[in-house]
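Asker: This is the structure I want to talk about, given as structure tokens.
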Amino acid sequence: EAALTVPDKQVESVCPYCGVGCQLTYNVKDDKILFVEGRDGPSNHGRLCVKGRYGFDYAHHPHRLTQPLIRREGVPKTGDFTMDPDRVMDVFREASWEEALEFAGGKLAAIRDTHGKKSLAGFGSAKGSNEEAYLFQKLVRTGFGSNNVDHCTRLCHASSVVALLEGIGSGAVSNPVMDVTKADVVVVIGANPTVNHPVAATWIKNAIKNGTKLVVLDPRRSDLTRMAHRHLQFKPDTDVPMLNAMMNVIVTEGLVDQDFIDSRTIGYEELRKNVEGYTPELMAPICGIDADTLRYVARLYATSKGSMILWGMGVSQHVHGTDNARCLIALALMTGQIGRPGTGLHPLRGQNNVQGASDAGLIPMMLPDYQHVSSPTVRASFEKAWKVPEGSLDDTPGLTVVEVMHAIKKGGIRGMYVQGENPAMSDPDANHAREALAALDHLVVQDIFLTETAYLADVILPASAFPEKDGSFTNTDRLVQMGRKAINPPGDARQDLWIITQIANRMGCGWHYNHVSEVFDEMRHTMPSIGGITWDRLEREHSVTYPCMKEGDPGQSVVFVDSFPRESGRAKFVPADIIPAAERPDTDYPMVLITGRQLEHWHTGSMTRRATVLDAIEPDPVALVHPLDLAALGGKPGDVVTIASRRGEVALYARADESSPRGAVFVPFCYYEAAINKLTNAALDPFAKIPEFKYCAIRVTLGGVA
Ligand code: SF4
């Protein structure tokens, strides 16, 4: 029996879930992962959360796709998802790789040639490697011929990135999470790290033990609030008035860092004038925080030796998400709380590689390394590097995730390639998204499971899970880390890089990559920020922080020390005013829906709901309702409730939970049986095109069938 549990192989890799990027070891026997242990990585020092430690056996799940599938002729795309293996084979038939690739790539090419380059779009994946993201965007830009490429960053931190690029010239974090241990004051706003970045939360708790003051700004009462020096439970949707009031205090009381403002920034006068009217007294009734508390927290943040702000999707997923982030940036700039250890701005990135996928150009307005598609010089340099004809790269930004869905309904987009994303579950107004996907002439899906999106596909290409491939992944700290192959893909599932290359070549790209390191090498020669990182170095050191411009550079974990990467070298203040949520509660829909994640499940649940331990802990769809709201409905914990918005309804189990404020219900978006995104609002932030997942009007009633 002991022999059964003794691994025959140990493989050093990283966790496939959140952006913290914990390093781990896969313990493998007979091509099966037995267990996982934490390694001494820069972001985790041996620690792992429940997902990293127990969420590995999805890779061995019998639902894994092992053979290419082609939709049977005449079977309608109804959008009714099924996991029943017999019914699945009523919808699809098995195909050889040759037939599936010819069909997938051939028809995409035919649509491009018949309807034009802008009739195609591609969604890549923030769960894939940097090399996969890079090749995927290169395929769309050179094979499809447009910039219609995006991924789930559009749904999480697109607004933060827009504000950061505009204000300080870089979309990534200024300081690593671990810097909380060097800060005197840590502000966490619109984030629940205990659930979504659990190991990062442990560093915050360690810092608190050593005297750091934690201030949580959040309409929900997360676990961290129990350890917080102050919790400002502001009304949902009132970030801008609350933050502007804090800035008003800092200006009025002379707590600004005038030297920093004078030497390192532009646009302060405009911001100062803008916050004049946002006095704490006027804003207190709007945001629900008394004026004295607003003053106290503003003073605490401004006057500490080192204050650091971390934020999540509670900030970014609003129609005013970019404005929310602009306010956080302005707070840091006016007080000089940036550019030193223990200070700065840290948008906690969600997926394990959402930072790297964005860096690699998996976004519609930027080529790799955030080089804008509108620049003739930038396009010319990529045309040369990619050996494509001069003037062939598209000079206009492509469509974003939600815009693609609208374009399908209008007949503009007719074919799509989706690699490792699940828009049928993750997009807002999911019924609309599913109708759009079903309306495509041709949908190619590459994934490891038959996701809700794959169920609507014309052809499905079985791909490799995280522990089945080599590749680099970039965590929330800008740390490029090596993920290593521990096991083989099941059946005839193939490496994602191979599949992308095969599709590209069927669209005329003529690529010849023999190893993942060749893709990384091409990347570092087109992306100055990682120019100094070689594949050999990653193999040797496991992780290197960027910016790392030249070989041998140690990499910079704290940036903006002397200047900001904007043309003038100075950061820019951008004022923000109040923009209300797109849909407010009314008599028909009197409550507010907030969506998000839960500790045990990851995003749309395709991996963690197939991980034995995680599924056993959280098996059923739940809605977190304030106990008094539940009692007012006449219900009790465990009762089924039906939640409806103007776009759809779902039934699920009620959990009495005081973390949600009265009048607001929190629902995780991982449960396909109760896909809560059928209810969310597809209204977009005008700057970043991010949907308003954190606020829409709902009605809750007792009863229904869960
Ligand atoms: Fe994985 Fe994130 Fe948990 Fe670390 S904190 S083990 S990266 S899910």
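Asker: Need one word for segment 567-706: rounded, prolate or oblate. Basis is the Cα gyration tensor (sqrt eigenvalues a ≥ b ≥ c); a/c below 1.5 gives rounded, then a/b vs b/c decides.
Answerer: Details: a/c = 2.18, a/b = 1.41, b/c = 1.55.
Taking the square roots of the gyration eigenvalues as a ≥ b ≥ c, segment 567-706 is oblate.
Asker: Return the whole-Å distance between the Cα centroid of segment 137-204 and the Cα centroid of segment 544-601.
Answerer: Computed from Cα coordinates, the inter-centre distance equals 6 Å.
Asker: Give me the accessible area of residue 340, 1.4 Å probe, in Å² rounded to the nearest 10.
Answerer: For residue 340, the solvent-accessible surface is approximately 90 Å².
Asker: From the cross-link list 636/689; 118/387; 409/678, which pairs have alpha carbons spaced over 29 Å apart?
Answerer: Details: 636/689 39 Å; 118/387 21 Å; 409/678 17 Å.
Too far apart for the 29 Å limit: 636/689.
Asker: Of 273/572; 77/694; 127/572; 182/572, which ones are farther than 24 Å apart at the Cα? Don't jump to the answer; show the numbers that get you there.
Answerer: Values: 273/572 15 Å; 77/694 30 Å; 127/572 33 Å; 182/572 26 Å.
Result: 77/694; 127/572; 182/572 exceed 24 Å.
Asker: Can you tell me how the chain classifies by the Cα gyration tensor, rounded, prolate or oblate, using a/c under 1.5 as the rounded cut?
Answerer: Working: a/c = 1.44, a/b = 1.23, b/c = 1.17.
Judged from the Cα gyration tensor, the chain comes out rounded (a/c under 1.5).
Asker: Enter the accessible area per residue of the chain (Å², integer; probe 1.4 Å; all protein chains in place).
Answerer: With the other protein chains kept in place, the chain gives 34 Å² per residue.
Asker: Report, for the chain, the % of DSSP beta bridges that are antiparallel, rounded to 5.
Answerer: On the way: 46 of 89 bridges.
Looking only at bridges with both residues in the chain, the antiparallel portion is about 50 percent.
Asker: Ok, one more. On a full-extension model of 0.36 nm per residue, what is the gain between residue 10 and residue 511, subtracting their alpha-carbon distance, rounded to one decimal in nm? Before the final figure, lay out each step's value.
Answerer: Values: separation 501, 0.36 × 501 = 180.36 nm, distance 3.35 nm.
So the chain would gain 177.0 nm between residue 10 and residue 511.
Asker: Accessible area of segment 88-211 with a 1.4 Å probe: how many percent of it is carbon plus sulfur?
Answerer: Details: 1650 of 3150 Å².
Of all accessible area on segment 88-211, carbon and sulfur atoms account for 52 percent.
Asker: Are there trypsin sites (Lys or Arg not before Pro) in segment 1-80 that DSSP marks as loop and that have at most 13 other Cβ atoms within 10 Å, and which are they?
Answerer: Values: sites: 9, 29, 32, 39, 47, 51, 53, 64, 71, 72, 77; in loops: 39, 47, 64, 72, 77.
Qualifying residues, ordered by number: 72.
Asker: How about residue 9: which aspartates and glutamates have a C-alpha closer than 15 Å to its C-alpha, ignoring those fewer than 8 places off in the same chain?
Answerer: Within reach: 30, 31, 37, 468.
Asker: What FRET efficiency, computed as 1/(1 + (r/R0)^6) with R0 = 25 Å and r the Cβ-Cβ distance, is obtained for residue 78 and residue 620, rounded to the nearest 0.05? Present the calculation step by step, with values, prior to reporting the outcome.
Answerer: Numbers: r = 25 Å, r/R0 = 0.99.
It comes out at approximately 0.50.
Asker: Along the charge dipole of segment 45-162, which of 52, 110, 157 sits closest to the positive end, that is, farthest toward it, with unit charges on the beta carbon of Lys, Arg, Asp and Glu (+1, +1, -1, -1)?
Answerer: Going by the Cα projections, it comes out as 157.
Asker: At 0.36 nm per residue, minus the direct Cα-Cα distance, what do residue 117 and residue 98 gain on full extension? Give it in nm, one decimal, please.
Answerer: Values: separation 19, 0.36 × 19 = 6.84 nm, distance 2.47 nm.
So the chain would gain 4.4 nm between residue 117 and residue 98.
Asker: Moving on to the next point. Mind giving me the FRET efficiency for residue 375 and residue 563? R0 is 22 Å, r the Cβ-Cβ distance, nearest 0.05 is fine.
Answerer: Numbers: r = 21 Å, r/R0 = 0.97.
Taking R0 as 22 Å, the efficiency between residue 375 and residue 563 is 0.55.
Asker: Ok, one more. Using only alpha carbon pairs under 8 Å that are at least six residues apart, calculate the relative contact order of segment 274-364 and give it in whole percent.
Answerer: Values: 61 pairs, mean separation 23.4, N = 91.
Relative contact order, segment 274-364: 26 percent.
Asker: Simple spin-label model, 7 Å along Cα-to-Cβ: residue 492 to residue 270 in nm?
Answerer: 5.9
Asker: Around residue 204, under 14 Å between beta carbons, what's the net of Lys plus Arg minus Asp minus Glu among the other residues? Intermediate values should be presented prior to the final figure.
Answerer: Values: positive: 47, 182, 205, 209, 213, 226; negative: 179, 184, 218, 223.
Result for the neighbourhood of residue 204: +2.
Asker: Still on this structure, I have one more. Would you please give the residues with an amide H less than 5 Å from that of residue 24, counting only those at least 5 places away or on a separate chain, with H modeled from the backbone geometry?
Answerer: Placed amide hydrogens put 13, 14, 15, 39 under 5 Å from residue 24.
Asker: Computing the accessible area with a 1.4 Å probe over protein heavy atoms, can you report the carbon and sulfur percentage for segment 231-270? Please report the intermediate quantities before stating the final value.
Answerer: Details: 740 of 1500 Å².
On segment 231-270, the fraction of accessible area on carbon and sulfur atoms equals 49 percent.
Asker: So if I place +1 on the C-beta of Lys and Arg and -1 on the C-beta of Asp and Glu, and nothing else carries charge, what would the dipole magnitude of the chain be about its Cα centre? I want it in debye, nearest 20. Can you show the working numbers first?
Answerer: Values: 72 positive and 85 negative charges, 130 e Å.
Roughly 620 debye, rounded to the nearest 20.
Asker: Right, something else. For segment 381-502, just say rounded, prolate or oblate: build the C-alpha gyration tensor, square-root its eigenvalues into a ≥ b ≥ c, call rounded for a/c under 1.5, and beyond that prolate if a/b exceeds b/c, oblate if not.
Answerer: Working: a/c = 1.70, a/b = 1.15, b/c = 1.48.
It is oblate, given that a/c is not under 1.5 and a/b is not larger than b/c.
Asker: Another one. What share of all Cα pairs of segment 85-150, in percent, falls into each consecutive 10 Å distance bin?
Answerer: Final binned percentages: 19, 36, 34, 11.
Asker: Still on this model: Could you point to the residue in 215, 505, 297 farthest towards the positive end of the chain's charge dipole, with +1 and -1 charges on the Cβ of Lys/Arg and Asp/Glu respectively?
Answerer: Of the candidates, 297 comes out farthest on the positive side.
Asker: Sum -39500 (n - 2.57) across every DSSP H segment of at least 4 residues in the chain, then divide by the residue count to get the 222 nm mean residue ellipticity, nearest 500. Before the final figure, lay out each step's value.
Answerer: On the way: 26 runs with 225 residues, N = 706.
One gets -9000 deg cm²/dmol as the mean residue ellipticity at 222 nm.
Asker: What fraction of the DSSP beta bridges in segment 540-694 is antiparallel, stated in percent and rounded to the nearest 5?
Answerer: Details: 11 of 20 bridges.
For segment 540-694, the DSSP antiparallel bridge percentage is about 55.
The values are calculated or read from the model by the stated rules, or taken from the named source; none is laboratory data. Since we're looking at a predicted model, the values are computed, not measured. Here Cβ is always computed from backbone atoms with ideal geometry, including for glycine, and neighbour counts include all displayed protein chains. Note: accessible area is taken over every heavy atom of the protein model, side chains too, but ligands, DNA and RNA are not part of it. Shrake-Rupley method; radii C 1.70, N 1.55, O 1.52, S 1.80 Å.
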